[in-house]
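Structure record follows, encoded as structure tokens.
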Amino acid sequence: MGLKEEFEEYAEKAKTLPAGTKNEDKLMLYGLYKQATIGPVNTDRPGMFNMTDRAKWDAWKAVEAKSKDEAMKDYITKVKQLLEAAS
């Protein structure tokens, strides 16, 4: 299985994470997912009254130095860790 296929498999598994998953972990996964699928941030930072989108944007911006492959690997590792912790 190639990296892209494994990434897509774990992106599906991420949808099964428990509702109690910490927001910090969800934001990390969001940023890694966006970096892996789109690349560096390509939008302006949302305004300060849009706190949810701003937090997502910040999470993506925090990992923009990673290559798409690095982001995919980190995403897979993080999903594995969260699934193991939930078991």
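Shown is the FRET efficiency for D69 and A19, computed with R0 = 22 Å from the Cβ-Cβ distance and rounded to the nearest 0.05: 0.10. Relative to the longest principal axis of the Cα atoms of the chain, helix 68-86 runs at roughly 70 degrees. Calculated accessible area for the chain comes out at 66 Å² per residue, all protein chains present (probe 1.4 Å; ligands, DNA, RNA ignored). Taking Cα atoms, how many degrees apart are the long axis of helix 51-62 and the longest axis of the chain, rounded to 10 and kept between 0 and 90? So the helix axis and the longest Cα principal axis differ by about 70 degrees. Taking only the Cα atoms of the chain, the ratio Rg/Rh comes out at 0.98, with Rh defined as the Kirkwood radius. How big is the gap, in Å, between the Cα center of segment 6-23 and the Cα center of segment 27-60? One Cα centre to the other: 17 Å.
The values are calculated or read from the model by the stated rules, or taken from the named source; none is laboratory data. Source: prediction; values computed, not measured. All Cβ positions, glycine included, derive from the backbone under ideal geometry; neighbour counts span all protein chains shown. All accessible areas refer to the heavy atoms of the entire protein, side chains included, with ligands and DNA or RNA removed. Shrake-Rupley method; radii C 1.70, N 1.55, O 1.52, S 1.80 Å.
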